[in-house]
Amino acid sequence: MNLLRLPFIVKLTLVVISIIGIGYLLALGQSILAPFFLAFLMAMLFLPAANFMEEKLRFSRSISTIASVLIMLMILTGMIYFFGSQLSDFSKDIPHLRVQFTSVFNDLQHWVSKTFHVKIDEQLTYLDQGLSKILSSSGVILGFTFGIFSTGLGFIVFFILFFIFILNYRRVLNNFIVTVFNEKHKASVQEVVREVRIMTKKYIVGLCLQVLIVSTLTSIVLTVLGVKYAILLGVLTGLLNVIPYLGICIALLISCFIAFATAAPSTCVYVLIGYIGVHIIDGNIVLPFVVGSKVKINALFSFIGIIIGEHLWGIAGMFLCIPAIAIIKIILERVEGLQPWGKLLGEEEKPDQKKKSYKLSKSITLKEMD
C-alpha cells in the first residue's frame, strides 16, 4: 500500500494519532525515558574521550566506559560540592535576610492598611489562618518531599546505568539502526546516522560552551555590581539558560532576590540591566557562533517545547526539550520529504543565505548536467 497516494484527511488522521500515541508513551515512560535521553546526550559528549582511550591508549571498551563514568562522577561531585559550599555560606545571611524582609513586610502592611482599609490585626489573622492550613497538610508536604527525593535518586541511578550501557554497547545500537532498514536504503541510513551523531555531538559541546560563557559573563556583571554570591548566581544562570527565555527570567528573579536581601534595593535595577545585556550578547553573538545556526530553534517552537516538556517530564523535560527538538530538526532536515518540517523548527533564513544556497544548488545542478 502506497502511503503517498492516500487522501490528505487520512494522512492527517494518521499523523495526529501517531503524535497522540507517542505523547502518551513519553508520559507513561517518564521515569525511564528521561534519564535515558539525558544519558544519551552525555554519552555523545563523552564519546570522543572514550574513542581516544580505546584508539590511542589501547584501553578495552569496558575500561574506557568505566573511566568515562568516573570522570563524569568527578564532575558531578565537584558541582555538588560547589553548590553545597555556596549554599552553606548563604545560610549565614539568613538573619540579615529576615531583618530586611521584615522591614519591607511592615511597610507593605501599612500600605495595605491605608489603601484597602484593612487593619493590621486582621491581616495577621488572615496570615495565621493560611499558615495553619499549610501546617495541617504537613503530612502531604513530607510525602511530596520524600517523593521528590526518591524520584531524584532513582533518576540518578537510571541515568548512570543507561550512560554505561550506551557507551559500552554503542556499536550494537548503531548496527541495529542501520540494519533495521531495507538493504537499498543502507547507505543513506548510514550517512544520516553519521551526520546526526556528528551534529548532535557539536550541539552538546556548543551548549556546554554556552553555559560556560553565560556563567562567566553573569559572574563578572554581578561581581562588578557588588552582589554577594556572584559566582553561584552566575553558574545557576548559565545552567538555567538552557531553558530559553524562561530560564533567564527565573535566574533574574533569584539574583534580584539575593541583591535585595544583601545589598541596596536600587541594585536590583542594575542587576536587571546587566541581565538584559548578557541575554542580548548570548542571543546575538554567543548562540549563533558557539551553538550554530544549523540547530538553532525558533522562539515559537522553543516555547511550545518547554510547555510540552514540562507537561510530560516536569522540570527535567524543560531542560531536555530543546536538545530533543534540535536532534529532531537535524533528522528532519536530512530525511527526504521531511525537510520542510525541519525548516519550520529553525530560524528564518536571511536573504544572503538564501542567495548562497540558491547559487550552491544551481552549481551542483550544472555539474550533474555536465
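The values are calculated or read from the model by the stated rules, or taken from the named source; none is laboratory data. These numbers were taken from a predicted model, which means no experiment stands behind them. Every residue, glycine among them, receives a Cβ derived from its backbone with ideal geometry; neighbour counts consider all protein chains shown. To get the accessible areas, we keep the full protein, side chains included, count just its heavy atoms, and leave off ligands, DNA and RNA. Shrake-Rupley method; radii C 1.70, N 1.55, O 1.52, S 1.80 Å.
Points worth noting:
- Of all residues in segment 150-184 being free of Cβ contacts under 8 Å to residues at least 24 places away in the same chain and hydroxyl-bearing (S, T, Y), the one that is nearest to T77 (Cα to Cα): S150
- Check on F158, in a helix (DSSP H, G or I), open to solvent by less than 50 Å² (accessible area, probe 1.4 Å) and either in contact with a Ser or Thr (Cβ under 8 Å, 6 or more places away or on another chain) or at pLDDT 65 or above (or both): no
- Residues that are crowded, with 20+ Cβ neighbours inside 10 Å and part of a helix (DSSP H, G or I), drawn from segment 238-255: G238, L240, G247, I248, A251, L252, S255
- Residue in segment 48-58 that is assigned to a helix (DSSP H, G or I), in contact with an Asp or Glu (Cβ under 9 Å, 6 or more places away or on another chain) and among the aliphatic types (A, V, I, L, M) present: no
- Pick from segment 199-232, criterion among the β-branched types (V, I, T) and within 16 Å of I280 (Cα to Cα), ranking: surrounded by the most Cβ atoms within 10 Å (Cβ to Cβ): T218
- Residue list for segment 231-250, restricted to those being touching a Leu at 6+ places or on another chain (Cβ under 9 Å), among the β-branched types (V, I, T) and at pLDDT below 85: V242
- The single residue among G337, G292, G309 that is modelled with pLDDT under 80 and under 17 Å from the mean Cα position of the chain (by Cα) turns out to be G292.
- Figure legend. Inter-residue proximity from segment 297-317: first residues at negative phi and assigned to a helix (DSSP H, G or I), second residues open to solvent by 50 Å² or more (accessible area, probe 1.4 Å) and of a type in the set (S, T, N, Q), beta-carbon distance below 7 Å, spacing 6+ or different chains. Indicated pairs: L312/Q30; W313/Q30.
- Any hit, segment 25-33, residues being of a type outside the set (D, E, K, R), in a helix (DSSP H, G or I) and open to solvent by less than 40 Å² (accessible area, probe 1.4 Å): no
- Answer from V271, V235 - the residue that is closer than 29 Å to F301 by Cβ, in a helix (DSSP H, G or I) and touching a residue at least 40 places away in the same chain (Cβ under 8 Å): V235
- When residues of segment 178-197 are limited to those that are among the hydrophobic types (A, V, I, L, M, F, W, C) and under 26 Å from the mean Cα position of the chain (by Cα), the one modelled with the highest pLDDT: V193
- Positions within segment 74-114 being at pLDDT 80 or above and open to solvent by 60 Å² or more (accessible area, probe 1.4 Å), in sequence order: M74, I75, L76, T77, M79, I80, Y81
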